[in-house]
Amino acid sequence: MARQRLGQHFLGSQSWRARIHSTLNARADDVWIEIGAGHGEMTEALARASRRVFAIETDPRLAEDLRRRAGDWPNVEVIEGDVLTIDFAALAGSTRFRVYGNLPYYITSPILHHLFEFADHLDSIHIVIQLEVAARIVARPGGRTYAYLSAFCHYYSRPEILLRIPPGAFRPPPKVTSALVAMRLPGERAELGIAGEKQFLKFIQECFEQKRKTLRNNLRVLVPADRADAALSGCGLRADARAEQLTLRQFANLFRALYG
């Protein structure tokens, strides 16, 4: 039985598991970290195709059952715990790793923030998430869907929706359509050369804080009005520009104009 408080929706359809696995292009030398391993719906397929799998499951009952099943998979290690507290670099050692996860919808953003703390060790992320959240992740500047999460994910990766997955593929079926999103590293981070990444990402988040306001008004909360106006003008941005219109490079130029 799924526990609703954990947001558990297991990928019950064998055909959908096969379709998802075919998109992963798992290689024999891959090290995978699987988030939300559940009953091992995808664990066995990853184990057969790859060198090593760390299967993370927060539900003690599922973790115990998965350990029993993993007795037949010598390259799988089951880890019971909260994904947000795990040091992935320490787990994988000196090896670069890939991530697959069927994520609880309510915790997608915190998990992505935690994963990208290990961007220098990470090759790709493939996650099954709510389609609405997937659309925000892949959104580009110029539309209302584009938000801080979009900019954050494009900074670290190149996100793409690979599959739309109907509720009937899961047990129990969720009330929403899901999507498989691939996030391949590196993203625009590699080209922007930002010093002080945490400050830069915090700056972008603050620019999106009040989406209905102009960027000029949001900036005036951070710096004096004349400094905000000068920075916008110096970067060739209109006084009525909004955060949802800016590319990451424009954010980077504005950040440097304001903070050096």
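Taken over the chain, the alpha-carbon convex hull comes to 128 cubic angstrom per residue. Mean silhouette area of region 1-154, derived from the convex hull of its C-alpha atoms and averaged over all directions, reads 9.3 nm². Of ILE86, ILE125, ILE35, the residue with the greatest mean-square motion in the GNM of the chain, using alpha carbon springs below 10 Å, is ILE86. Note that region 231-245 has calculated 3J(HN,Hα) couplings of 5, 4, 5, x, 9, x, 9, 5, 5, 9, 5, 10, 4, 5, 9 Hz, one per residue in order, obtained from phi through the Karplus relation 6.51 cos²θ - 1.76 cosθ + 1.60 (θ = phi - 60°); glycine and proline are x. Taking the Cα centre of region 1-146 as reference, the dipole from Cβ charges on Lys and Arg (+1) and Asp and Glu (-1) amounts to some 480 debye.
Taking a ≥ b ≥ c as the square roots of the Cα gyration tensor eigenvalues, with a/c under 1.5 meaning rounded and otherwise prolate when a/b beats b/c, else oblate, which class fits region 114-224? Taking the square roots of the gyration eigenvalues as a ≥ b ≥ c, region 114-224 is oblate.
Round to a whole number: what % of the accessible area of the chain belongs to carbon and sulfur, probe 1.4 Å? For the chain, the apolar C and S fraction of the accessible surface comes to 48 percent.
Probe of 1.4 angstrom, ligands and nucleic acids ignored: what's the accessible area per residue over region 1-155, in square angstrom? Write out the running numbers ahead of the final one.
Numbers: 6760 Å² over 155 residues.
Value for region 1-155: 44 Å² per residue.
For GLN8, the residues whose modelled amide H falls within less than 5 Å of its own, excluding neighbours fewer than 5 places apart on the same chain, are ARG3.
By the scheme Lys and Arg +1, Asp and Glu -1, what is the net charge of all other residues having a beta-carbon under 12 Å from that of ASP30? Intermediate results must be reported in sequence, preceding the final value.
Details: positive: ARG27, ARG48, ARG51, ARG52, ARG96, ARG98; negative: ASP29, GLU34, ASP123.
Summing Lys and Arg as +1 and Asp and Glu as -1 gives +3.
Under the criterion of Cα pairs below 8 Å and six or more residues apart, the relative contact order for the chain equals 15 percent.
To the nearest ten degrees, helix 60-69 and the longest principal axis of the Cα atoms of the chain are 50 degrees apart. What the phi angles of region 29-36 give under the Karplus curve with 6.51, -1.76 and 1.60, with θ = phi - 60°, is a coupling list of 9, 5, 10, 10, 10, 9, 9, x Hz, glycine and proline written as x.
The values are calculated or read from the model by the stated rules, or taken from the named source; none is laboratory data. Not measured: the values here are computed from a predicted model. Backbone-built Cβ (ideal geometry, glycine too); neighbour counts: all protein chains shown. Ligands, DNA and RNA are stripped out before the accessible areas are found, and what is left, the full protein with its side chains, is counted by its heavy atoms. Shrake-Rupley method; radii C 1.70, N 1.55, O 1.52, S 1.80 Å.
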